[in-house]
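Take a look at the structure set out below.
None of the figures in this text is laboratory data; all of them are computed from the coordinates on show. This one's a predicted model, so the numbers in the text were calculated from it and none came from an experiment.
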Amino acid sequence: MIDVKVLGSGCANCKTTYQLIEAVTAENAIPITLEKVEDMAEIMGYGIMSTPGVIVDGKIAHAGGVPDKKTILSWFKSSCCPSDDNCC
């Protein structure tokens with residue numbers, strides 16, 4: 001299971017990012033745990049200065065602006081298909 005956190009204050013971009021991650025992982029049957037983090041001290045602890053931020057398995061995957069579906073899928077490519085470079 002991949003641990004994913006969306007960091008942000010709850011703005012429209014943060015909500016959209018959360019929903020896009022839900023959609024992309026559901027469409028591609030990628031098992032994740034998805035959490036919304038709104039605590040500013042915790043967000044700053046990750047070194048994120050521009051939200052929304054996305055943390056995948058403890059590493060910064062994205063910061064600032066809404067990512068597109070292709071970008072989101074790229075975060076999970078090695079996890080959803082470790083032996084097939086063309087599956088995602």
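Here are a few things to note about the model shown:
- With Cα atoms, 0 to 90° folded angle of helix 69-80 axis to the chain main axis: 60
- Full-stretch length increase - ASP3, GLN19 - with 0.36 nm per residue and alpha-carbon distance subtracted: 4.2 nm
- Computed over the range 2-80, the P(r) tail beyond 17 angstrom holds 35 percent of alpha carbon pairs.
- 0 to 90° range, to nearest 10: angle between helix 12-27 axis and the chain longest Cα axis: 20
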